[in-house]
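Comments concern the structure below.
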Amino acid sequence: VNDVVQTSAVATVLQSNIPVVAERSMYFGAPNGGSADGTVVFGRAIPSLGWAFASGDTRNGRSEFELLFNPNRDSSTIVATFYGEDGRLLRRTFTLPGHSRLNIDVTLSVPELARGQHGIVLQSINGVSFVAEQALYDNYMRNGSATVGTPIG
């Protein structure tokens, strides 16, 4: 990807006349060093009207991002509901323009969410589907994990 685009925030649509399997892999650390790490998720063939994530994590020393992609021409209006460990529900609305992507830094976008673990549901409220993944990292980007959510709706 680095040979094709000059930005670090990229979403990709692959088309093929035969079945293919695609994944998104991201590496950090020295490529040939002993401490390189990375994350990987499989691509999704079909966007959904909603996505659920059971294990968000904004504890001290952690960074969490919800990564959204809208492959459609029309904008998607997305309500993010955060289910805190303390029983609180917090909601934020995001606009995801057509043919674009959005990174939601949970700590910055929802500062009143108690630091800790939580669940998240992302739901389109205007009927425009999208794709979502979640990335969790330590604050020094030495290690992390990523997952595609469970499609809902």
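The values are calculated or read from the model by the stated rules, or taken from the named source; none is laboratory data. Since we're looking at a predicted model, the values are computed, not measured. Cβ atoms come from the backbone with ideal geometry, glycine included; neighbour counts cover every protein chain shown. Surface areas here come from the heavy atoms of the whole protein model, side chains and all, with no ligands, DNA or RNA. Shrake-Rupley method; radii C 1.70, N 1.55, O 1.52, S 1.80 Å.
Listed by first and then second residue, the pairs with beta-carbon distance under 7 Å, at least 6 apart or on different chains, first residue in the stretch 75-92 and over 13 Å from ALA52 (Cα atoms) and without any contact (Cβ under 8 Å) to a residue 40 or more places away in the chain, second open to solvent by 30 Å² or more (accessible area, probe 1.4 Å) and polar (S, T, N, Q), are GLU85/GLN117; ARG92/SER109. LEU49 - would you say it is hydrophobic (A, V, I, L, M, F, W, C), surrounded by 15 or more Cβ atoms within 10 Å (Cβ to Cβ) and either in contact with a strand residue (DSSP E or B) (Cβ under 9 Å, 6 or more places away or on another chain) or at pLDDT 95 or above (or both)? When the stated conditions are applied, LEU49 passes them.
Taken together, SER100, SER75, SER145 contain a single residue that is under 26 Å from LEU14 (Cβ atoms), surrounded by fewer than 20 Cβ atoms within 10 Å (Cβ to Cβ) and touching a Leu at 6+ places or on another chain (Cβ under 6 Å), which is SER145. Considered as a group, the residues in the stretch 72-114 that are basic (Lys, Arg) and in a strand (DSSP E or B) include one that is modelled with the lowest pLDDT, and that residue is ARG101. Among the conditions (1) free of Cβ contacts under 8 Å to residues at least 24 places away in the same chain; (2) closer than 20 Å to LEU14 by Cβ; (3) assigned to a strand (DSSP E or B), the only one that ALA45 does not satisfy is (3). Number of residues in the stretch 94-153 that are touching a residue at least 12 places away in the same chain (Cβ under 8 Å) and closer than 20 Å to ASN60 by Cβ equals 26. For residues in the stretch 115-130 being of a type in the set (A, V, I, L, M, F, W, C) and open to solvent by 30 Å² or more (accessible area, probe 1.4 Å), which is nearest to HIS99 (Cα to Cα)? In this case the residue turns out to be ILE125.
Reported count of residues in the stretch 131-142, each being loosely packed, with under 14 Cβ neighbours inside 10 Å and closer than 14 Å to VAL79 by Cα, is 0.
Checked against the criterion of being of a type in the set (S, T, N, Q), open to solvent by less than 80 Å² (accessible area, probe 1.4 Å), at pLDDT below 95 and under 19 Å from THR147 (Cβ atoms), the candidates SER16, SER63 yield just one match: SER63. When ASP37 is tested against the conditions (1) at pLDDT 75 or above; (2) open to solvent by less than 70 Å² (accessible area, probe 1.4 Å), the lone failure is (1). Under 7 Å between Cβ atoms, at least 6 apart or on separate chains: pull out the pairs that start in the stretch 1-21 with a residue that is over 13 Å from PRO71 (Cα atoms) and end on any residue that is modelled with pLDDT of 75 or more and not β-branched (Val, Ile, Thr). Short answer, once both residue conditions are applied: ALA9/ARG101; ALA9/ASN103.
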